[in-house]
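> Quick one: structure below, then a few questions.
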Amino acid sequence: MEDKLVTLAMLTYAKAQILKNVLENEGIETYIHNVNQIQPVVSSGVRLRIKESDLPRALKITESSAWLSEEVVGGKSPKVEKESNKVLVPVDFSNYSMKACEFGFNFAQNMGAEVVLLHVYFTPIYTTSLPYGDVFNYQITDEENVKNILHKVHEDLNALSNKVKEKVASGEFPNVKYSCVLREGIPEEEILRYSKEYRPRIVIMGTRGKNQKDIDLIGSVTAEVIERSRMPVLAIPENTPFKQLAEAKRIAFITNFDQRDLIAFDSLIAALKPFHFSVSLIHLSDVKDTWNEIKLGGIKEYFQKQYPDLEIHYDVVMNDDFLNSLDNYIKTNHIDIITLTTYKRNIFSRLFNPGIARKMIFHSDTPLLVIYGRPS
């Protein structure tokens, strides 16, 4: 029988190259699919495929590869005990970056915070500091090329800063303190590193949202940050119909009845203290089960005692066609923001079950707020 290919992981291009090298050193043939041929370095969401018969061995190797562990992000960075009063907005000079800036500036004004616009650029010379040094086989080592890249990055950042200044001057953006930060590296790693070092109140990132060409690119930078960040992350699709969180009147909070959801809910209320909204508690279920409704009712009662002024509803959404069911629920109930909790998951589940947040980020035009559920 023919040994068919299976997808081992969906990763950013840089990580896929490193894992390919690791596996091939162990004699496992690997193939990378969905690469952006024009700019392979910035391609994200590539599939790393192997022969089905190699899967058990590849899994063992993957589990023991330290580079894939969440703990390596940021290395030994200075520990900031308290959250800083910063709103982090990673930017890449696209239209949806500007949408994230708009939300970031308005959020900062409501919170009395300052905005940090972070841009991460990648130069071929950077690859020499990655593990397994020569896996990229770049032809470009010319210093002139690196200078050109840097020149272009600075030009783009100045153009963005000028655009922001114009919007502040015209009153489109509120006049809050902001700064621009430039870092070199792989975007998601540097965003996570900055977040770990400075502990911003929230990370606000733009996404293309629904019906875009790269709707199926699971490994996008935003999805990767959402999955691994310890700080709240707000993903703003380009077509979000409102301009700031103050306009959000109804928030859906997806719960699995896990104790960590209770902690995350407290974080949600604390994070959005200045804003006024009602909350819909949602549980996704495969089967109709009265017990789920009883549990939801119990959670509602608990939250109602904790937050007597908060209007709370609850519903079970059937999970048979999860994304469409959720879409219908959002439209019917006029949900402005979806909130869910992400827990620290092991490598196996990160690779093979991309999680609700990743699926939703490419499916919906509704902003997604993801809060890390710290262990109790």
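The values are calculated or read from the model by the stated rules, or taken from the named source; none is laboratory data. Every value quoted in this text rests on a predicted model; they were computed, and no experiment measured them. Here the Cβ is made from the backbone with ideal geometry for all residues, glycine too, and neighbour counts use every protein chain on show. Surface areas here come from the heavy atoms of the whole protein model, side chains and all, with no ligands, DNA or RNA. Shrake-Rupley method; radii C 1.70, N 1.55, O 1.52, S 1.80 Å.
> Mind checking whether some residue in segment 79-102 is open to solvent by 10 Å² or more (accessible area, probe 1.4 Å), outside the structural domain of residue 207 (by the TED database) and modelled with pLDDT under 50?
Looking for residues that are open to solvent by 10 Å² or more (accessible area, probe 1.4 Å), outside the structural domain of residue 207 (by the TED database) and modelled with pLDDT under 50, one finds at least one in segment 79-102, hence yes.
> Suppose we filter segment 27-57 for residues that are in contact with a helix residue (DSSP H, G or I) (Cβ under 6 Å, 6 or more places away or on another chain) and either modelled with pLDDT of 80 or more or open to solvent by 80 Å² or more (accessible area, probe 1.4 Å) (or both); how many remain?
Total meeting the criteria: 5.
> Among the numbered criteria (1) open to solvent by less than 30 Å² (accessible area, probe 1.4 Å); (2) in contact (Cβ under 8 Å) with a residue 24 or more places away in the chain, which one does residue 316 miss?
Of the numbered conditions (1) open to solvent by less than 30 Å² (accessible area, probe 1.4 Å); (2) in contact (Cβ under 8 Å) with a residue 24 or more places away in the chain, the odd one out for residue 316 is (1).
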